[in-house]
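Q: Quick one: the structure is below, questions incoming.
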Amino acid sequence: MTTITQNIETVRAEIARHARTAGRDPAAIRLVAVSKTRPAEDIASARDAGQSDFGENYLQEALPKIAALDGRGIRWHFIGRVQSNKTRELAMHFDWVQTVDRERIALRLCEQRPPDLPPLNICLQVNIDREPQKAGIDPDDVAGVAHAVSALPRLRLRGLMAIPAATEDHARQRDSFLRLRALHDRLVDSGIPLDTLSMGMSGDLRAAIDAGSTMVRVGTAIFGQRG
Ligand SMILES: *Cc1c(COP(=O)(O)O)cnc(C)c1O
């Protein structure tokens with residue numbers, strides 16, 4: 001077995017363990033393998049181990065990998081900062097864009113999504129801890145953006161994504177994630193049919209799953225430290 005295969009099994013087992021501890025069904029948590037800076041061969045190894053969802057942060061880096069792995073049945077998630085002059089290629093080559101942080105970007109993705117493809121899956125990125133240097137919508141503004149984006153025909157608004165303030169403290173990690181979940185639940189109550197809470201990375205998986213994550217984005221624990 002390759003290291004990547006072993007790491008994926010370890011991460012899947014960890015997700016299942018945290019889910020059961022939290023009284024949740026492990027099948028309700030999707031693993032996105034974050035392959036930024038990794039070559040296409042590493043992604044192919046992970047794909048051979050049954051991994052289907054991959055996350056990329058940089059469009060120029062991702063495009064050749066997507067081309068090289070065409071036909072392998074991979075779902076590609078864009079999880080980097082969206083520049084408005086790059087939306088056309090995102091709309092053409094990705095299945096999910098998890099980092100939409102303004103309505104204008106969503107409008108462009110909607111207009112540019114090719115008609116022969118299914119609607120593009122969208123998460124709104126929320127700046128859940130209101131960090132000045134971080135991307136994402138202010139929690140107070142999420143409902144307005146969500147209502148606008150949910151009305152766009154070529155997009156399917158799936159949920160919310162966040163990268164909380166860095167801390168190793170479990171209680172503080174969990175507190176941030178619970179606030180994202182509360183926002184998600186309020187939107188669902190208001191009639192927007194969301195099904196995705198994209199939260200949790202290598203360092204805060206347990207807190208995220210505890211707080212209700214349905215999608216974790218894991219890089220280091222699968223592919224090793226980035227150089
Ligand atoms: C890099 C990255 C991850 C993965 O982080 P790890 O700590 O390597 O698991 C997850 N989400 C986003 C948005 C990232 O940029």
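Q: Per residue, how large is the accessible surface of the chain? Use a 1.4 angstrom probe and give square angstrom.
A: 46
Q: Separate question: What is the Cα centroid distance between the range 79-102 and the range 113-142, reported in whole angstrom?
A: With the range 79-102 and the range 113-142 each reduced to a Cα centre, they are spaced 10 Å.
Q: When a/c reaches 1.5 or more, the comparison of a/b and b/c decides; with that in mind, is the range 14-130 rounded, prolate or oblate per its Cα gyration tensor?
A: Judged from the Cα gyration tensor, the range 14-130 comes out oblate (a/c at least 1.5, b/c at or above a/b).
Q: Given the rule -39500 (n - 2.57) for each run of at least 4 DSSP H residues, summed and divided by the residues of the chain, what is its mean residue ellipticity at 222 nm, to the nearest 500 deg cm²/dmol?
A: -12500 deg cm²/dmol
Q: Using only the Cα atoms of the chain, build the gyration tensor, take square roots of its eigenvalues as a ≥ b ≥ c, and label the shape rounded, prolate or oblate: rounded if a/c is under 1.5, else prolate if a/b is larger than b/c, else oblate.
A: The shape class here is oblate.
Q: If ligands, DNA and RNA are left out, what is the accessible area of E89 with a 1.4 Å probe, given in Å² to the nearest 10?
A: 70
Q: Give the shape of the range 99-224 as rounded, prolate or oblate, defined through the alpha-carbon gyration tensor: a ≥ b ≥ c are the square roots of its eigenvalues, a/c under 1.5 means rounded, and otherwise the shape is prolate if a/b is larger than b/c and oblate if not.
A: Since a/c reaches 1.5 and a/b is larger than b/c, the shape of the range 99-224 is classed as prolate.
Q: Given an 8 Å cut-off on Cα distances and at least 6 residues of separation, report the relative contact order of the range 60-112 as a percent.
A: 36
Q: Would you mind calculating the relative contact order of the range 1-148 from Cα pairs under 8 angstrom and at least 6 residues apart, reporting the percent as a whole number?
A: 15
The values are calculated or read from the model by the stated rules, or taken from the named source; none is laboratory data. This structure is a prediction, so every number in the text was calculated from the model and none was measured. SASA here: full protein model, heavy atoms, side chains in, ligands and nucleic acids out. Shrake-Rupley method; radii C 1.70, N 1.55, O 1.52, S 1.80 Å.
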